[in-house]
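What follows is one structure encoded as structure tokens, with my remarks underneath.
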């Protein structure tokens with residue numbers, strides 16, 4: 001009817017009164033959208049403050065109906081602006097809007113003012129419950145509880161179960177979990193309204209979880225998950241997942257978090273679910289997967305309150321994984337994103353140590369110095385002082401190193417700092433100062449460092465001139481500290497000293513004494529290798545072979561085993577035990593194709609094959625060498641020996657082809673041209689032989705190999721004689737005779753010149 005009246009009187013469309021009335025009419029019909037339109041029009045045509053306040057009042061109530069709380073509050077603020085004393089009813093409505101916006105203190109003030117200004121008979125029956133709820137939100141637990149008890153709300157059916165729920169929350173927040181649970185169980189048992197029941201179950205689950213009654217907590221959360229009402233399922237999935245996470249039941253936890261993320265992709269709790277999924281991978285010690293999950297979380301939820309913690313967790317995993325390079329980039333980015341983070345000290349610690357391990361000492365200094373400036377009270381400060389000292393030592397800034405090491409006055413790094421200060425003085429030949437600091441370090445040192453301090457002090461005495469040799473210094477150390485943890489290693493070094501001096505019998509004697517100190521397994525392979533070498537040099541070949549074989553069998557994974565195999569093969573080779581030499585040389589090529597000794601191995605093995613007239617095998621081996629070591633310094637030698645093998649096999653075309661490969665791929669040399677000329681000579685190709693002998697002569701001259709140049713001229717002359725070019729031959733023999741100092745070559749040149757003269761006569 002109202003719309004019909006308006007439609008028949010168009011002028012009323014622009015009337016404040018009629019739009020207000022039409023809005024009220026639609027408001028009571030709960031047609032809030034139409035009501036909003038008309039109240040907005042009424043507000044537009046309001047002519048005075050009272051009308052503006054009145055229109056805003058009704059528009060605010062309409063926004064409450066539309067659940068647009070912030071707009072409702074904005075309207076109610078306008079009411080207060082344009083009306084000095086709005087009605088008490090306004091205070092009640094305004095309080096509801098403020099309560100819905102979680103502005104509990106202001107809401108409570110409105111409710112209490114309304115209660116004071118309105119007679120009891122005219123107050124809404126819900127007012128005490130609103131006061132109790134707002135007081136609870138304000139954390140005025142006593143007032144909230146007193147209102148419920150004073151007004152007997154628990155005994156009034158109209159307030160069940162809301163009053164019980166508010167009081168249950170009150171009990172929970174003040175720590176009375178038993179009282180809270182009793183009320184919550186009653187709500188769950190008696191309430192048919194699923195949203196209130198589900199909310200009660202959620203809080204019950206939280207209480208059970210806090211009390212350690214995990215199965216009961218999970219039952220409550222799962223009950224909400226299987227409820228018909230969707231309102232609290234997000235919370236239930238998240239809460240159940242967190243409980244399972246704490247129980248380390250990772251599959252069930254992951255299932256709950258995945259359900260939350262798939263069912264409610266836009267949930268405000270999705271970031272927490274994702275975060276806990278990453279923590280589950282970390283909890284399961286799946287470090288790489290955890291890092292991927294944290295990276296994905298940071299990229300997906302960059303604004304999440306958990307993003308910083310996720311970043312810290314990721315950084316810790318990188319540190320644990322020793323991924324120093326990436327950690328530096330990550331840490332620098334973190335400090336840019338979170339310049340005021342509470343975790344700055346931890347990040348600077350990681351950055352300093354990572355840069356040090358990466359040998360980026362300049363950056364290590366920058367981050368370390370900033371750490372000690374900002375976090376001087378940190379329990380890590382001595383460690384950073386020590387690390388700054390180490391960067392100074394690494395950069396040979398010894399004064400800088402001493403400055404930071406001197407700042408350490410106690411704790412785990414104190415003895416190390418004193419010892420390292422001594423080392424810096426030792427490196428600067430300040431032996432007196434070095435010895436002084438070693439003495440100080442010895443007084444406060446632990447057993448693990450004591451031996452190193454004492455050894456460095458003995459070295460300072462040696463450099464000061466108190467010992468004639470390293471060997472005597474090492475022996476003196478053993479006499480002073482026979483129970484040192486370094487005794488076996490020092491005794492081994494004594495043997496190595498004599499080995500370097502070439503005194504193999506004394507070296508062997510000292511090596512055998514190492515066993516008196518119960519050497520650790522790391523020392524034994526090197527010790528056995530050196531003992532075998534001593535036996536070999538003293539002529540006890542069989543004992544040397546026996547030790548090499550034992551070492552190869554006992555320490556197959558030692559990095560020294562390839563040296564043992566090579567030395568053993570060499571012994572067999574020099575002893576002309578070629579079969580065994582072939583076995584061990586071949587084993588080295590097969591088992592360790594990149595071993596340091598392998599270039600020599602190919603040539604030694606090829607030489608054995610050549611001695612046994614097994615030229616095909618020698619040639620095949622050298623072909624393999626050329627493919628395996630295309631940048632070797634011995635490549636030319638390989639080609640030349642390969643050409644020799646083909647010549648021995650009568651394959652002169654193959655030999656010539658290999659020499660031409662050398663001339664094409666490698667630098668030209670007298671040796672290569674001489675080999676090519678020799679092939680031509682054998683094949684009776686005197687013209688080509690002469691040309692390449694002369695080429696060999698030219699290169700030998702450049703290489704300052706005069707006698708080889710002379711031999712090349714001699715051979716060139718012989719090829720020219722075959723060509724019957726006697727004048728040219730005479731010139732070549734004459735040049736050769738004048739060039740050489742070898743009497744045999746001179747005699748041969750004279751003989752050739754005499755033969756040419758006789759032929760001309």
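Miscellaneous remarks
- With a simple spin-label model that places each label point 7 Å from the Cα along the Cα-to-Cβ direction, the separation between residue 623 and residue 357 comes to 4.9 nm.
- The ranking of 49, 109, 410 from fewest to most other beta carbons within 10 Å of each one's beta carbon is 410, 49, 109.
- Length available on full extension from residue 303 to residue 174: 0.36 nm per residue minus the Cα-Cα distance, which gives 43.2 nm.
- Calculated FRET value between residue 728 and residue 668, using beta carbons and R₀ = 22 Å, to 0.05: 0.40
- Sorting 375, 232 from the fewest to the most surrounding beta carbons within 10 angstrom yields 375, 232.
- Packing-based order for 128-134, 662-668, using average beta carbon neighbours within 10 Å, highest first: 128-134, 662-668
- Label sites at residue 338 and residue 755, each approximated as a point 7 angstrom past Cα along Cα to Cβ, lie 9.3 nm apart.
- Rounded tilt (10° steps) of 233-246 against the dominant C-alpha axis of the chain: 50
- R0 of 60 Å, Cβ-Cβ distance residue 466-residue 321: FRET efficiency to nearest 0.05: 0.80
- Relative to the longest principal axis of the Cα atoms of the chain, the long axis of helix 16-28 lies at roughly 80 degrees.
- Computed on the Cα atoms alone, the convex hull of the chain gives a volume of 365 cubic angstrom per residue.
- Relative to the longest principal axis of the Cα atoms of the chain, helix 578-591 runs at roughly 20 degrees.
- Applying 0.36 nm per residue to the separation of residue 376 and residue 746 and subtracting their alpha-carbon distance, the gain on full extension is 124.6 nm.
- Value of relative contact order over the chain, rounded to a whole percent, pairs C-alpha under 8 Å and six or more apart: 3
- Shape category assigned to segment 669-761 from the gyration tensor of Cα positions, a/c cut at 1.5: oblate
- Tensor-based shape of segment 235-336 (alpha-carbon gyration tensor, a/c under 1.5 rounded, otherwise prolate or oblate): oblate
Laboratory data are not the source of any read-out in this text; all were calculated from the coordinates shown. Only a predicted model underlies this, so the values are computations on that prediction, with no experimental measurement involved. Note that each Cβ is placed from the backbone with ideal geometry, even for glycine, and that neighbours are counted across all protein chains shown.
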